[in-house]
1. Any idea what the dipole of the chain comes to, in debye rounded to 20, about its Cα centre with Lys/Arg Cβ at +1 and Asp/Glu Cβ at -1?
2. Dividing the convex hull volume of the alpha carbon atoms of the stretch 60-115 by its residue count, what do you get in Å³ per residue?
3. Only helical DSSP H runs with n ≥ 4 go in: add -39500 (n - 2.57) per run for the chain, normalise by residue count and round the 222 nm mean residue ellipticity to 500 deg cm²/dmol.
4. Roughly what % of DSSP beta bridges within the chain run antiparallel, to the nearest 5?
5. Please identify, among 29, 138, 114, the residue showing maximal mean-square fluctuation in a Gaussian network model of the chain using a 10 angstrom Cα cutoff.
6. By count of other Cβ within 10 Å, fewest leading, how are 209, 90 ordered?
7. As I understand it, the dipole of the chain uses +1 on the Cβ of Lys and Arg and -1 on the Cβ of Asp and Glu, about the Cα centre. Which of 184, 66, 135 lies farthest toward its positive end?
8. Which residue fluctuates the most in the chain, going by a Gaussian network model with Cα springs under 10 Å, if the choices are 35, 184, 192?
Amino acid sequence: MTDTMLELRNVNVSYSGDITILKDLTIKAQKGRITGVIGPNGAGKSTALKTMYRMLNVGAGDLLYQGETITRIDQTELIRRGIAFVPQNHSIFGGLSVRDNLVLGAWSIRGEKARIRRAIDRVYEIFPMLAEKDNAAAGTLSGGQQRFLEIGRSLMTDPQVILFDEPSAMIAPKYSKQIYQFLTLMRDRGKTILLVDQNVRQCVNVSDHLYVLELGRNKIDCPTAAMNGNAEMTDLISGWIAHKVD
């Protein structure tokens with residue numbers, strides 16, 4: 001069996017039929033690793049992630065899961081096969097309780113009550129602050145706690161691959177730090193993580209493999225360790241952020 005869990009292979013994606021965003025793009029999420037995708041604004045990072053989650057259609061090329069082509073399957077089937085997505089924009093239901101938001105994440109297994117209870121217990125083990133807010137309206141949580149709830153909801157079906165789009169965007173630094181700790185925890189538990197991030201420093205720190213996109217194409221594709229001491233890479237990244245990369 002291939003070590004590649006999820007792959008975009010030579011993919012083109014266009015908006016409105018004539019604006020091509022991704023151009024012959026290949027990205028591979030390796031089993032049990034964190035794969036980071038970075039690049040300047042407008043490079044196509046989020047578009048690549050949404051394409052992997054079948055939110056956008058592939059114009060040319062293929063989407064593969066464990067070596068099998070899934071380019072045309074629907075999103076429900078994608079979830080059943082073990083792929084989850086945590087969007088950048090907040091997507092909780094503020095008027096529902098924390099528990100009810102988690103239950104909504106288990107709609108694809110809605111008939112399996114015992115499994116859902118175990119899944120909630122698992123989420124509360126990882127995020128104890130959510131257990132303390134079990135019956136609270138999700139809208140009363142802080143921004144960081146809401147992001148934990150979104151992540152917890154993605155875990156309800158025990159996915160093997162989790163796609164993260166800017167997980168630390170617009171939240172307090174203390175919660176941001178915990179999110180990156182969570183990513184490494186999930187990797188250590190055997191999950192496959194694909195991380196699109198504007199927090200370049202943290203993305204480089206936690207990722208095992210990095211893709212750098214530019215104008216919808218691969219500019220760099222290499223293990224993170226290979227970037228150590230690479231002055232060209234450091235200069236490139238420093239051009240996107242206000243501070244120098246460590």
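All of the numbers you see were taken from the coordinates with simple rules; none came from a lab. All of these numbers come straight from a predicted model, not from anything done at the bench. Using ideal geometry, Cβ is built from the backbone for each residue, glycine included, and neighbour counts are taken over all protein chains shown.
1. Working: 30 positive and 26 negative charges, 114 e Å.
For this selection, approximately 540 debye.
2. Working: hull volume 6.9 nm³, N = 56.
Output value, Cα hull per residue: 122 Å³.
3. Details: 9 runs with 83 residues, N = 246.
Helix-only estimate at 222 nm: -9500 deg cm²/dmol.
4. Working: 22 of 39 bridges.
Once the DSSP bridges in the chain are tallied, antiparallel ones form about 55 percent.
5. Fluctuation is largest for 114.
6. Numbers: 209 19, 90 16.
Neighbour counts put them in this order, fewest first: 90, 209.
7. So the residue furthest toward the plus end is 135.
8. 184
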